[in-house]
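See below for the structure under consideration.
Please treat every number below as a calculation from the coordinates, not as lab data. Values in this document were obtained by computation on a predicted structure and should not be read as measured data. Every residue, glycine among them, receives a Cβ derived from its backbone with ideal geometry; neighbour counts consider all protein chains shown.
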Amino acid sequence: LNNEHCPTWNHRAGPAAATMSVLGEYERHCDSINSDFGSGGGAAEQEELHYIPIRVLGRGAFGEATLYRRTEDDSLVVWKEVDLIRLSEKERRDALNEIVILALLQHDNIIAYYNHFMDNTTLLIELEYCNGGNLYDKILRQKDKLFEEEMVVWYLFQIVSAVSCIHKAGILHRDIKTLNIFLTKANLIKLGDYGLAKKLNSEYSMAETLVGTPYYMSPELCQGVKYNFKSDIWAVGCVIFELLTLKRTFDATNPLNLCVKIVQGIRAMEVDSSQYSLELIQMVHACLDQDPEQRPTADELLDRPLLRKRRRSSTVTEAPIAVVTSRTSEVYVWGGGKSTPQKLDVIKSGCSARQVCAGNTHFAVVTVEKELYTWVNMQGGTKLHGQLGHGDKASYRQPKHVEKLQGKAIRQVSCGDDFTVCVTDEGQLYAFGSDYYGCMGVDKVAGPEVLEPMQLNFFLNNPVEQVSCGDNHVVVLTRNKEVYSWGCGEYGRLGLDSEEDYYTPQKVDVPKALIIVAVQCGCDGTFLLTQSGKVLACGLNEFNKLGLNQCMSGIINHEAYHEIPYTTSFTLAKQLSFYKIRTIAPGKTHTAAIDERGRLLTFGCNKCGQLGVGNYKKRLGINLLGGPLGGKQVIRVSCGDEFTIAATDDNHIFAWGNGGNGRLAMTPTERPHGSDICTSWPRPIFGSLHHVPDLSCRGWHTILIVGKVVQSSSPGGGGGGGEEEDSQQESETPDPSGGFRGTMEADRGMEGLVSPTEAMGISSGASSSCPGWLRKVIPLVEVSGKHQALCSN
């Protein structure tokens, strides 16, 4: 929203009670909408919701639709903006009509209406978001491959259920078509776009206006005679016919010929009776009967045996009101010889990252729209094994969408040395890359290399909460708090009381009294984090990087150092028991942890100063960092091979350890003595103030998400000027590091402790950016999280 549009909207109360008492449900909605233009009522008490723009989804008849993330519950919604000034009186009524229609309709298969606001002459409607696109695009993606009958029946049931709901409300849609039928990634249908809908007083009422899309027009519409609800049934028949044939039901080179074919019933082709059942074909033909009286009603269709068994109850969701904050979100990478942070501009236009992961050979990013992107981070020379998941072994040097996961809502990803594993919203696991150590989890039946995502059926009935990958092993936490591990077993990193390799998931024996909330793999070890903040570890304890060594001093006659080289079963890290750990981040030679108070602890090798204690001496125990981090709350930390990166709640980023090969993002002026410069104190990097939603280091490489607030406003404010002034002042703050400079502003709205999944380096949310934020914004539809989703991409 630009400066002419205040990002806080007020919903005023309706007209006087005496008037309301004589209005029906439909008229009450109309009157409530009219009140937004200034008539009647005082301002209603409102709840504030904060929104961050992501991208413009598309443009419709009246304006635009923009995807937003609602920060309170991390859900995606769509704001549809209607510019009323440029509309005729009729178009203005149609726009208001859509709100009336949506407010009346509450059904699982209908785009949910959450709220609407008036901003001068702009109407803004908050709607559900469908992250799976629309049915038109779904059909195109099939190419020549016909849908399975079960999928067509599932779509048919949902579409007819939605139509039944609107018809029972006395509403004729008048524009049912594949472009107006949206999908979630779970294949849920959402019927949308009610700008042409008309409310009829009874099922026998007849409409006369010629509206709708020509390809889906009924014969009565083509002939210019009165029509009713059966016209929508005809359109449903056309949609299902397209699903069965992948072609339009009626097609012609011009509108006149098209109408002739529709009236005469000359279809473009017939349904393949060898592919689909007679019962399904007969249902479609019944919908396409030339005589409207002979067409079945929506309820009659639902009562047919093919659909009757799929009947289910609908649920209703409600939604609150709004305050908007604009924040940009950008992904940067460095290391591997690149010392200057490189901004990634090639992830799908306007799409923001919610989680990032670095591997030894590749990067992975999960976007807020729950799509996965991968690419290599090598300087060349290393052979790939399919760890990018693109169906080949090509070295894609820019982020590339993993197309084989299209339609899957990816929630989290983890990178191994030469393989990748990701988890969907449904808790299903997909893996791809090298299976040399059995990390695909399928007993090596898929061959030595898996070039595209393969589902692990082992977890079909035991959904996964989180996954973590070491160099050559995998550990997962299921939703019922069970831990499974597989892959290379050297040094006991699998926690299975042996050093054997396992090629399928093995359940780890965890004491029943412990509730595991997160898992995290190092290159050759594994950590478990409990609900009470305890840490258990197994694997190689070289340099005491698992924190298992016993160091006792000051006790009379009992000063001793007991070293544990490795352990094959999960062992309590006793020295960490003094702290309630909320985040654990293992590197190759050392580990960092954050406790519940936001304090940073380090342990392991200190050869390059990676422990951040101000020297390069050997350290035997656990180090509680002070110095530059003293008094600061650390919210993110990650360890590379010999360096550490951390982000604090006051929006600074610190780095320390080995600065060679660009590990610490040092500028040329900061490394006058060559490439092997090390620093043992945490040093601010990357400009002045940055909020870091997620951060990941591996080997020499670092990838992180940084965000800045561009604009925000509070209720009754004039457009967020106060905070914008603050942002301008903060962006001029001198760069404390003298290094890479940016103008990112602090985001103080996302401070505090992190969730268990975030604790292990998995961001539960991310900042977002919208290309058109400084223009007029907000039109169409999208949601996920608390309120499911809908609209076209």
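Couple of notes before you dig in:
- FRET efficiency for TYR561 and GLU403, using Cβ-Cβ distance with R0 set to 51 Å, rounded to 0.05: 0.40
- From phi via Karplus (6.51, -1.76, 1.60), per-residue ³J(HN,Hα) for the range 138-144 in Hz, x at Gly/Pro: 4, 5, 4, 5, 5, 6, 9
- Peptides 216-228, 266-278, 649-661, 249-261 ranked from most to least packed give 649-661, 216-228, 249-261, 266-278, packing being the mean of other C-beta atoms within 10 angstrom over each peptide's residues.
- DSSP-loop trypsin sites (Lys or Arg not before Pro) across the range 350-399, with at most 15 other Cβ within 10 angstrom: LYS383, LYS393, ARG397
- Taking amide H atoms as placed 1.01 Å from N in the peptide plane, the amide H of SER75 lies under 5 Å from those of ARG70, LYS786, each 5 or more residues away in sequence or on another chain.
- Neighbour counts of other Cβ atoms within 10 Å put TRP375, TRP79 in the fewest-to-most order TRP375, TRP79.
- Label-point gap, in nm, between ASP272 and THR504 - each point 7 angstrom along Cα→Cβ: 3.6
- Selection from PRO305, PHE229, ALA169 lying farthest towards where the dipole of the range 135-308 points positive, charges on Cβ: ALA169
- Packing, taken as the mean count of other beta carbons within 10 Å per residue, orders the peptides 232-245, 440-453, 400-413 from highest to lowest as 232-245, 400-413, 440-453.
- Ranked by how many other beta carbons lie within 10 Å on average, peptides 108-116, 361-369 from highest: 361-369, 108-116
- Net length gained if the chain between ARG86 and THR121 were fully extended (0.36 nm per residue, minus Cα distance): 11.6 nm
- Taking LEU57, LEU179 and counting other C-beta atoms within 10 Å, the order from fewest to most: LEU179, LEU57
- Here PHE643, PHE603 are placed in order of increasing Cβ neighbour count within 10 Å, fewest first, which gives PHE603, PHE643.
- Estimated FRET transfer efficiency when R0 is 56 angstrom, pair SER395-GLN290 (beta carbons, to 0.05): 0.45
- When the range 415-506 is reduced to its Cα atoms, the Kirkwood hydrodynamic radius in Å: 12.7
- Once the Cβ-Cβ distance of ARG59 and GLU150 is raised to the sixth power relative to R0 = 35 Å, the FRET efficiency obtained is 0.50.
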